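Written below as structure tokens is the structure these notes are about.
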Ligand SMILES: Nc1nc2c(c(=O)[nH]1)N[C@H]1C(S)=C(S)[C@@H](COP(=O)(O)OP(=O)(O)OC[C@H]3O[C@@H](n4cnc5c(=O)[nH]c(N)nc54)[C@H](O)[C@@H]3O)O[C@H]1N2
Ligand SMILES: Nc1nc2c(c(=O)[nH]1)N[C@H]1C(S)=C(S)[C@@H](COP(=O)(O)OP(=O)(O)OC[C@H]3O[C@@H](n4cnc5c(=O)[nH]c(N)nc54)[C@H](O)[C@@H]3O)O[C@H]1N2
Ligand code: SF4
Ligand SMILES: [Mo]
């Protein structure tokens, strides 16, 4: 029997693609993008196009496993391996809950720490039963800030909400700025709209310290020094305001504090900004004039800019641009960082934070996920005694890798990892539990790069004894003896609950309707509409104000920021670890520890058909930095700083400017010496949002002695 199942890609990607899975006799035989979906438009990225290889990989974790060998890098990865013993689900649940009971008694419930992130963004599997479970237990709370919280804080400080230009409107733009936005790699479904705009004469400008594939095919590429974007945005506004290219009517009606901004930008003349950013003053002037006068102009801002110590302010300053030119008014204008604020599902109902109060009589302490190393090694009162990892691979993705590993190696730490594969993190697990992929479970899918809500249907039965996140925490709750009704809720009941939030844009969208349509555009028009293109035209979130800040206006001056001791307008404060920062003497080169175009953070790097598309283990360096170090293309090099060292192969090219080097995230267990690029990255938090600062890192490079 052959059937086609509608699913949605749950990987951590703005595109949230609508996917069609062909199933024959219970086995998935084909995957393709839904041709009907207005953003997916029938194609998938290179990695998910090969998803059958991932689902049916011989390396999947299929059964619960108990560790026999001691913890450490390269611990074997299969049922055949002597490091692991296959156990039953019942034994696994028994062992986990017995340890939890014992830890709660001896140290208190906050000695248990959940650790999860973007493995799946399915609404239910990324944050429902799991949160209920840990809230009910009174476990420490995890502050999930490893990705985007600096940018979100910057965005919300101006707009009050995470909304932005509809991707489908980019086809109407005449001027497009891809600002820290690797569109070909990380947001490929925006590209067709940009191509369409360019066919109609639009110009594409890319602002990025790394010459991405997107930069290579831009009309104008502006390489910028890492972490200096706040200065650039303030410099651009200096020119716009000085030359009267702003929109006084929009500013007067819908913004707050323009007079403060006008004063502030006087400190950022192009000549001064050029010294920080490395972009010539004449180019800054030209960028400002073109952006303000070639209309409509849209900015696709992505999260690269906020993985910097001053990333919150940088985002804030960039988000002010369409507020000063009034470009929010125009179809094809505005800015997109995230669209996720439009979905407004009933997150409290799904996550039940109230259970925490019932358990503890207060809210539990909060541990920042970026500081995992610090937490595992130094936190006391109580120390962390158990770590439960799901939907994340912290031993690969967390900064200051050596500290993380030192913590994970603690023999007294009880670590459970719920995973699809044996990863860097399972190398340190006491128990590994098998997880389903999105082919094997059902979920509700939002997006952060478009405005369609989807149901992702289950295509095949779970492989082996795999269970979804929802089912794992349901069984754990039962074993712990948690009796609240919410632990019995079915998937359908949770979907219904999620959709009942009072958000008017969900009006008329219920589970039956979603099931019938598979994907539905949010109801901006006020009446349920079948015509996606029709309601797409209508959504201009800030054309007439509509900001959700305390003042109801776009806040160019923020009282909230002032109260936090931050600049209430915006300013440029160089990251400590950068060429203009206080630690510039320590190491001479700025490192971009980047993502791979064909992996998804650390996911996919173990799938050989996908790995073939990448060249792992390289350090990209400019000839001007390579020559004095006698480094030639292909030479083994040692990259180091005070946190550690890694061995890579030099690639001498023009991908980065002098003073900057670039490397890529990968699994340590797949690299030659079991090394992670995150050995070099810092636990330092960003200026706003307590986020990670992966792109504010200084290093030195030398020829490897190992060669
Ligand atoms: N193929 C692929 N797709 C992905 C991912 C992946 O790993 N691979 N990851 C997913 C995830 S988790 C996320 S959060 C999204 C977001 O992904 P993006 O926001 O696109 O994140 P990054 O790739 O970190 O950064 C984007 C660009 O910013 C540049 N950049 C770095 N520092 C600076 C700076 O200081 N200034 C400026 N102007 N640019 C800078 C980088 O060189 C990069 O080209 O992508 C998702 N999609
Ligand atoms: N050097 C450097 N480090 C970075 C970044 C960078 O650009 N450079 N980017 C940062 C960013 S933006 C992010 S978002 C983080 C991402 O960090 P993570 O969210 O940890 O992302 P992944 O590396 O994709 O790991 C997700 C894991 O979840 C598993 N998984 C997938 N689906 C499920 C499921 O349904 N259930 C369970 N239990 N497991 C599942 C996958 O197999 C995978 O191993 O990394 C950060 N780290
Ligand atoms: S990873 Fe992104 S582009 Fe690839 S299929 Fe998933 S949502 Fe689409
Ligand atoms: Mo991310």
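Scanning the range 171-187 turns up at least one residue that is surrounded by fewer than 24 Cβ atoms within 10 Å (Cβ to Cβ), more than 16 Å from ligand 1 (Cβ to nearest atom) and in a helix (DSSP H, G or I).
Name the residue that is surrounded by the fewest Cβ atoms within 10 Å (Cβ to Cβ), counting only residues in the range 654-665 that are modelled with pLDDT of 95 or more and not in a strand (DSSP E or B). Outline the logic, then answer.
Applying the first criterion (modelled with pLDDT of 95 or more) to the range 654-665 yields 655-665.
Subset that is not in a strand (DSSP E or B): 655, 657-659, 665.
Working: 655: 22, 657: 18, 658: 12, 659: 17, 665: 21.
Applying the filter and picking the extreme gives 658.
Among the residues of the range 267-302, those identified as part of a helix (DSSP H, G or I), farther than 25 Å from residue 193 by Cβ and either within 13 Å of ligand 1 (Cβ to nearest atom) or not assigned by TED's automatic domain parsing to the domain that holds residue 228 (or both) are 276, 277. Within the range 133-170, being part of a loop (DSSP other than H, G, I, E, B), farther than 30 Å from residue 359 by Cα and away from ligand 4 (no atom under 15 Å from the Cβ) holds for 160, 161, 163, 164, 165, 166.
Of the residues making up the range 119-132, not a single one is within 16 Å of ligand 4 (Cβ to nearest atom), within 21 Å of residue 428 (Cα to Cα) and part of a strand (DSSP E or B). Considering the range 1-42, the residues that are within 16 Å of ligand 1 (Cβ to nearest atom) and out of contact with any helix residue (DSSP H, G or I) (no Cβ under 8 Å at 6 or more places or on another chain) include one that is nearest to residue 188 (Cα to Cα), namely 16. Of the residues contained in the range 123-144, one or more are found to be within 15 Å of ligand 2 (Cβ to nearest atom), surrounded by fewer than 18 Cβ atoms within 10 Å (Cβ to Cβ) and over 30 Å from residue 543 (Cα atoms). Here is the figure for the range 459-501: residues that are farther than 16 Å from residue 442 by Cβ and either without any contact (Cβ under 8 Å) to a residue 24 or more places away in the chain or not in a loop (DSSP other than H, G, I, E, B) (or both) total 12.
Does any residue of the range 38-58 turn out to be at pLDDT 95 or above, away from ligand 3 (no atom under 16 Å from the Cβ) and under 30 Å from residue 679 (Cβ atoms)?
Initially, the range 38-58 is screened for residues at pLDDT 95 or above, giving 38-58.
Adding the requirement that they be away from ligand 3 (no atom under 16 Å from the Cβ) leaves 56-58.
With under 30 Å from residue 679 (Cβ atoms) added as a condition, the list becomes 57-58.
Within the range 38-58 (the criterion being at pLDDT 95 or above, away from ligand 3 (no atom under 16 Å from the Cβ) and under 30 Å from residue 679 (Cβ atoms)), the answer is yes, since at least one residue qualifies.
Note on the range 19-30: residues that are crowded, with 20+ Cβ neighbours inside 10 Å and more than 9 Å from ligand 3 (Cβ to nearest atom) total 3. Step by step: first the residues of the range 686-701, then only those that are under 7 Å from residue 150 (Cα atoms) and buried (at least 24 other Cβ atoms within 10 Å of the Cβ), then the one that is farthest from ligand 3 (Cβ to nearest atom). Which residue is that? Residue satisfying both the conditions and the ranking: 688. Inclusion of residue 375 among residues that are in a helix (DSSP H, G or I), surrounded by fewer than 18 Cβ atoms within 10 Å (Cβ to Cβ), away from ligand 1 (no atom under 16 Å from the Cβ) and more than 19 Å from the chain's Cα centre (by Cα) is not warranted.
Applying the condition of being part of a strand (DSSP E or B) and under 15 Å from residue 643 (Cα atoms) to the range 586-600 and asking which residue is nearest to ligand 3 (Cβ to nearest atom) yields 593.
Yes or no, residue by residue, for (1) away from ligand 4 (no atom under 16 Å from the Cβ); (2) under 28 Å from the mean Cα position of the chain (by Cα):
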site	(1), (2)
19	yes, yes
23	yes, no
36	yes, yes
45	no, yes
66	yes, no
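Conditions (1) more than 23 Å from residue 343 (Cα to Cα); (2) part of a strand (DSSP E or B); (3) within 16 Å of ligand 2 (Cβ to nearest atom); (4) not assigned by TED's automatic domain parsing to the domain that holds residue 595, marked per residue:
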{"position": "5", "(1), (2), (3), (4)": "yes, yes, no, yes"}
{"position": "23", "(1), (2), (3), (4)": "yes, yes, no, yes"}
{"position": "32", "(1), (2), (3), (4)": "yes, yes, no, yes"}
{"position": "39", "(1), (2), (3), (4)": "no, no, no, yes"}
{"position": "43", "(1), (2), (3), (4)": "yes, no, no, yes"}
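Within 28 Å of residue 658 (Cα to Cα), touching a helix residue (DSSP H, G or I) at 6+ places or on another chain (Cβ under 8 Å), more than 16 Å from ligand 2 (Cβ to nearest atom) and in the same structural domain as residue 305 (by TED's automatic domain parsing), is that true of residue 190? No, not satisfied. Of the listed requirements (1) over 30 Å from residue 569 (Cα atoms); (2) within 11 Å of ligand 1 (Cβ to nearest atom), residue 208 misses just one: (1).
Considering only residues of the range 601-633 that are in a helix (DSSP H, G or I) and touching a helix residue (DSSP H, G or I) at 6+ places or on another chain (Cβ under 6 Å), which is nearest to residue 307 (Cα to Cα)? Talk me through it step by step, then tell me what you get.
Initial filter on the range 601-633 (in a helix (DSSP H, G or I)): 608-611, 623-629.
Narrowing further to those that are touching a helix residue (DSSP H, G or I) at 6+ places or on another chain (Cβ under 6 Å): 609-610.
On the way: 609: 30, 610: 26 Å.
It comes out as 610.
The single condition from (1) without any contact (Cβ under 8 Å) to a residue 24 or more places away in the chain; (2) within 16 Å of ligand 1 (Cβ to nearest atom); (3) over 17 Å from residue 449 (Cα atoms); (4) surrounded by 20 or more Cβ atoms within 10 Å (Cβ to Cβ) that residue 54 fails is (1).
Residue-by-condition table, conditions (1) under 30 Å from the mean Cα position of the chain (by Cα); (2) free of Cβ contacts under 8 Å to residues at least 40 places away in the same chain:
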{"site": "183", "(1), (2)": "yes, no"}
{"site": "200", "(1), (2)": "no, yes"}
{"site": "205", "(1), (2)": "yes, no"}
{"site": "216", "(1), (2)": "yes, yes"}
{"site": "222", "(1), (2)": "yes, no"}
{"site": "229", "(1), (2)": "yes, no"}
{"site": "242", "(1), (2)": "no, yes"}
{"site": "255", "(1), (2)": "yes, no"}
{"site": "271", "(1), (2)": "no, yes"}
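Which of the residues spanning the range 555-573 are outside any loop (DSSP other than H, G, I, E, B) and within 27 Å of the chain's Cα centre (by Cα)? Listed by number, the residues that qualify are 555, 560, 561.
So which of 545, 581, 552 ends up being part of a loop (DSSP other than H, G, I, E, B) and within 30 Å of residue 38 (Cβ to Cβ)? Can you show your working first?
Details: 581 fails: within 30 Å of residue 38 (Cβ to Cβ); 552 fails: within 30 Å of residue 38 (Cβ to Cβ).
Every option except 545 fails the conditions.
The values are calculated or read from the model by the stated rules, or taken from the named source; none is laboratory data. These figures come from a predicted structure and were not determined experimentally. Every residue, glycine among them, receives a Cβ derived from its backbone with ideal geometry; neighbour counts consider all protein chains shown.
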